[in-house]
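Below is one structure, written out as structure tokens, with a few remarks after it.
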Amino acid sequence: MIDPAEHRREVEAWREGRYAALRRDTGWLTLAGLDWLRTGENVIGSGSTADVRLPAGPAVAGQVVVGPSGATATGEFLHGGARADGLPLASDANGEPTMLELGQLRFCLIERGGRLAIRTWDLEAEPRRSFTGIDHWPLDPAWRLDARFEPTPGRTISVPDVLGIVAEQESPGEVVFEAGGGSHRLQALKGGASGELWLVFADATNGHETYGGGRFLYSSPPTEGRIVVDFNRAYNPPCVFSRFATCPLPWPANRLPIRIEAGERHDEPHRYQRSPSNSKPSAS
């Protein structure tokens, strides 16, 4: 058992880090655009005819060209202090993407469901300026659970997202815990290089006290078949903060029948904030 005072310090430190990450230049509070690219030339700018529509800057700032070997950028935007001129763009598919700058804007290439898109951040976005914190349940040590970890080597599961894309992802195991008078289990996803697990889950508070699209939670790495799962660190998906996020959704096996009255709450939980119609990948 962890000391209650130490537990509180841990959760409060986690929450401070969570807020700092939301407020950073390329955090969810500054996310301001998501535009899917077609093969060939894609014009980037703030003008109404731009393929990648920026919230600020010149009407035409440059272009991204998508070809068989990937995407390149040319225009007024900078990378590493130098102007982009046929700059190859790495997407977020295999690590850190190539980040471009244009005044108050930052943007990069992302890949979802085999399609490429430009994700844009605005450092002067209003949600960043007005953010004061997130409503949450009072800290409850009873929701810091000692759980069992059951490995499932080689298993992949189908993970849906708000765009309607379903991706196959590796699931290293299942987390089994006791709560609400019964035993429950969640299929975990990989959470990081240190062995943490990522839980995407729904519970009976969704659509009432919490976001309708579920919540996320990172656990500690499993040790000798045991794992600590602290639902006081359950947090809202990025789609709560921006309609340009591409959040995964809980799949049937991760929909819990019980109320998890711990972690972050949300006061508008009844619908997902979906990406705009021109941001959904087409079949072409």
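The values are calculated or read from the model by the stated rules, or taken from the named source; none is laboratory data. None of these values were measured; they are calculated from a predicted model. Reconstructed Cβ throughout: ideal geometry from the backbone, glycine too, with neighbour counts over all protein chains shown.
Might you let me know whether the range 28-41 holds any residue that is touching a residue at least 12 places away in the same chain (Cβ under 8 Å) and in contact with a Gly (Cβ under 9 Å, 6 or more places away or on another chain)?
Checking the range 28-41: at least one residue is touching a residue at least 12 places away in the same chain (Cβ under 8 Å) and in contact with a Gly (Cβ under 9 Å, 6 or more places away or on another chain).
Does Ile118 count as farther than 21 Å from Asn232 by Cβ, among the β-branched types (Val, Ile, Thr) and out of contact with any Ser or Thr (no Cβ under 9 Å at 6 or more places or on another chain)?
Judged against the criteria, Ile118 is a match.
Could you give me the residue pairs with C-beta distances under 8 Å whose first residue belongs to the range 127-144 and is assigned by TED's automatic domain parsing to the domain that holds Asn236 and over 19 Å from Ala20 (Cβ atoms), whose second residue is in a strand (DSSP E or B) and of a type in the set (Asp, Glu) wherever it lies, and which are 6+ apart or on separate chains?
Trp143/Asp230; Arg144/Asp230
Tally time: how many residues in the range 63-80 are under 17 Å from Arg106 (Cβ atoms) and within 28 Å of the chain's Cα centre (by Cα)?
Here the count works out to 7.
Looking at (1) out of contact with any Phe, Trp or Tyr (no Cβ under 9 Å at 6 or more places or on another chain); (2) assigned to a strand (DSSP E or B), which is the only condition Ala56 fails?
Among (1) out of contact with any Phe, Trp or Tyr (no Cβ under 9 Å at 6 or more places or on another chain); (2) assigned to a strand (DSSP E or B), Ala56 violates only (2).
Here are the criteria: (1) touching a Phe, Trp or Tyr at 6+ places or on another chain (Cβ under 7 Å); (2) buried (at least 19 other Cβ atoms within 10 Å of the Cβ); (3) without any contact (Cβ under 8 Å) to a residue 60 or more places away in the chain. Tell me which single one Glu196 does not satisfy.
(2)
Identify all residues within the range 148-175 that are in contact with a Leu (Cβ under 9 Å, 6 or more places away or on another chain) and either farther than 28 Å from Gly27 by Cβ or of a type in the set (A, V, I, L, M) (or both); write none if there are none.
Within the range 148-175, Phe149, Ile157, Val159, Val162, Gly173, Glu174, Val175 meet the criteria.
Any residue at all in the range 212-225 that's aliphatic (A, V, I, L, M) and buried (at least 19 other Cβ atoms within 10 Å of the Cβ)?
For the range 212-225, residues aliphatic (A, V, I, L, M) and buried (at least 19 other Cβ atoms within 10 Å of the Cβ): present.
If you go through the range 216-249 one residue at a time, how many are within 13 Å of Leu199 (Cβ to Cβ) and either charged (D, E, K, R) or over 20 Å from the mean Cα position of the chain (by Cα) (or both)?
Of the residues in that region, 5 qualify.
Here's the yes/no breakdown for (1) surrounded by 13 or more Cβ atoms within 10 Å (Cβ to Cβ); (2) in contact with a Pro (Cβ under 8 Å, 6 or more places away or on another chain); (3) assigned to a loop (DSSP other than H, G, I, E, B):
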| position | (1), (2), (3) |
| --- | --- |
| Ala21 | no, no, no |
| Ser48 | no, no, yes |
| Gln63 | yes, no, no |
| Leu78 | yes, no, no |
| Leu87 | yes, no, no |
| Glu96 | no, no, yes |
| Glu101 | yes, no, no |
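Here is a yes/no grid of residues against (1) at pLDDT 95 or above; (2) in the same structural domain as Thr39 (by TED's automatic domain parsing); (3) more than 23 Å from Arg18 (Cα to Cα):
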{"residue": "Val200", "(1), (2), (3)": "yes, no, no"}
{"residue": "Ala204", "(1), (2), (3)": "yes, no, yes"}
{"residue": "Phe216", "(1), (2), (3)": "yes, no, no"}
{"residue": "Leu249", "(1), (2), (3)": "yes, no, no"}
{"residue": "Arg265", "(1), (2), (3)": "yes, no, no"}
{"residue": "Glu268", "(1), (2), (3)": "no, no, no"}
{"residue": "Ser277", "(1), (2), (3)": "no, no, yes"}
